[in-house]
Amino acid sequence: MKKIGFLSFGHWSNHPAYKTRTASDTLLQSIDLAVAAEEIGLDGAYFRVHHFAAQLASPFPLLSAIGAKTSKIEIGTGVIDMRYENPLYMVEDAGAADLISGGRLQLGISRGSPEQVIDGWRYFGYKPAEGETDADMGRNKALQFLDKLKGIGFAQPNPSPMFPNPPGLLRLEPHSRGLRERIWWGAASNATAIWAAENGMHLQSSTLKFDESGKPFHVQQAEQIRLYKEAWKKAGHQREPRVSVSRSVFALITDQDRYFFGQEAGRVDKIGIIENDKRAIFGRSYAGEPDQLIRELAQDEAIQEADTLLLTIPNTLGVDYNVHMLSSILKHVAPGLGWR
């Protein structure tokens, strides 16, 4: 058995072929898609977070709205760039959204990736401390976030408060018990996957990873996951770790499917250069008839190592088409792989 969710980038543009032409379209359709995904039996609704772009940015209003309209589906992010965040304010937002959902948030966070503007976090009022890189700043903010999620008092109470205080130091409110155990780290390298395990975070690994061995993407990702699991065990955590991988998978069932995604069949991994001239490997897309997908996905080592698969969706094609696409995977592909 494997949990299956969708991952939306939340694009919109005033394009004649798009069903999401405005930010409002994307937000409202994201809610509708999560509701429909729960109805067809999907396990998770996850959303990317990007700033300075015509994509989803502030996740907590959206997660709260989905939490209020659903009852079972996991709701998450993949990922929140911590360089842009105030960790304490984020604790309050996350706690409120988690309570609204009844404890279903699965928050993916990370130190961030290349963005639409240069050092965008500076416009939000943040900069690295002396001797820090922006990546260091993101990881340090993540640790602050994790610490304050524990709900332990740390703030000195006012001796003359407006309202009576409980005894002792005060914590941030609202506090959602258990949310600390549902934080995931988006890791692009083996070292940061190990760091995530040491700090008790679940692992999110996407379709991009630093190329650390020259091996195929899914093999490198599987090795990353195994290193993470070993580090988790070594750290002595008393709960089970979770691992998600994301993939673009398109079952070609109808002529419309073939028109949209037939060209994705036979795609291969790609190599590219991202920040600071780091060589990265980008995982292939999967597209084909269900029997072909079952054969190909069965050979993906990283999917076998993960307990959760996040299917990246073309959100601009609208709710109905994405429900069809996700239903096709659940009905025609997942059973043949033992995921259902």
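The values are calculated or read from the model by the stated rules, or taken from the named source; none is laboratory data. Keep in mind the model is a prediction, meaning the values are calculated, not measured. Every residue, glycine among them, receives a Cβ derived from its backbone with ideal geometry; neighbour counts consider all protein chains shown. Just the protein is used for accessible areas: all its heavy atoms, side chains included, with ligands, DNA and RNA removed. Shrake-Rupley method; radii C 1.70, N 1.55, O 1.52, S 1.80 Å.
Taking the options I271, I253, name whichever one is of a type outside the set (K, R), touching a Ser or Thr at 6+ places or on another chain (Cβ under 8 Å) and open to solvent by 50 Å² or more (accessible area, probe 1.4 Å). Before the answer, list the steps.
Numbers: I271 fails: touching a Ser or Thr at 6+ places or on another chain (Cβ under 8 Å).
After applying the criteria, what remains is I253.
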Selection status of I66, crowded, with 23+ Cβ neighbours inside 10 Å and over 18 Å from S244 (Cα atoms) | yes
Subset of the stretch 49-64 [more than 13 Å from M82 (Cα to Cα) and under 15 Å from the mean Cα position of the chain (by Cα)] = Q55, L56, F60, L62, L63
Based on what the data block shows, is A231 over 19 Å from the mean Cα position of the chain (by Cα), of a type in the set (A, V, I, L, M), surrounded by 22 or more Cβ atoms within 10 Å (Cβ to Cβ) and farther than 18 Å from D147 by Cα?
-> no
Would you check which residues across the stretch 30-55 are out of contact with any strand residue (DSSP E or B) (no Cβ under 8 Å at 6 or more places or on another chain), among the hydrophobic types (A, V, I, L, M, F, W, C) and in contact (Cβ under 8 Å) with a residue 60 or more places away in the chain and list them?
-> A36, I40, F52, A53
Which numbered condition trips up L309, out of (1) over 19 Å from K215 (Cβ atoms); (2) open to solvent by 50 Å² or more (accessible area, probe 1.4 Å)?
-> (2)
Test set (1) of a type outside the set (K, R); (2) surrounded by fewer than 23 Cβ atoms within 10 Å (Cβ to Cβ); (3) at pLDDT 95 or above; (4) touching a Ser or Thr at 6+ places or on another chain (Cβ under 7 Å) - A222 fails condition number = (4)
Being of a type in the set (G, A, S), part of a loop (DSSP other than H, G, I, E, B) and under 18 Å from R180 (Cβ atoms) is the filter here, so list the residues in the stretch 214-250 that pass it.
-> G236
Taking S327 as meeting all but one of (1) closer than 14 Å to D257 by Cβ; (2) surrounded by fewer than 17 Cβ atoms within 10 Å (Cβ to Cβ); (3) polar (S, T, N, Q), write down the number of the exception.
-> (2)
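If you go through the stretch 285-300 one residue at a time, how many are charged (D, E, K, R) and surrounded by 18 or more Cβ atoms within 10 Å (Cβ to Cβ)?
Step one: list which residues in the stretch 285-300 are charged (D, E, K, R), which gives 289, 291, 295-296, 300.
Narrowing the set further to residues that are surrounded by 18 or more Cβ atoms within 10 Å (Cβ to Cβ) leaves 300.
Of the residues in that region, 1 qualify.
Yes or no, residue by residue, for (1) in contact (Cβ under 8 Å) with a residue 60 or more places away in the chain; (2) of a type in the set (D, E); (3) open to solvent by 30 Å² or more (accessible area, probe 1.4 Å):
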| position | (1), (2), (3) |
| --- | --- |
| K2 | yes, no, no |
| G5 | yes, no, no |
| H11 | yes, no, yes |
| T22 | no, no, yes |
| D25 | no, yes, yes |
| L28 | no, no, yes |
| A57 | no, no, yes |
| L62 | no, no, no |
Just name the residue that is nearest to T192 (Cα to Cα) out of those in the stretch 80-136 that are exposed (fewer than 14 other Cβ atoms within 10 Å of the Cβ) and among the polar types (S, T, N, Q).
-> T133
Checked pairs for the stretch 190-218, first modelled with pLDDT under 95, second basic (K, R) and open to solvent by less than 30 Å² (accessible area, probe 1.4 Å), C-beta under 9 Å and 6 or more apart or across chains, list as T207/R247; F217/K209
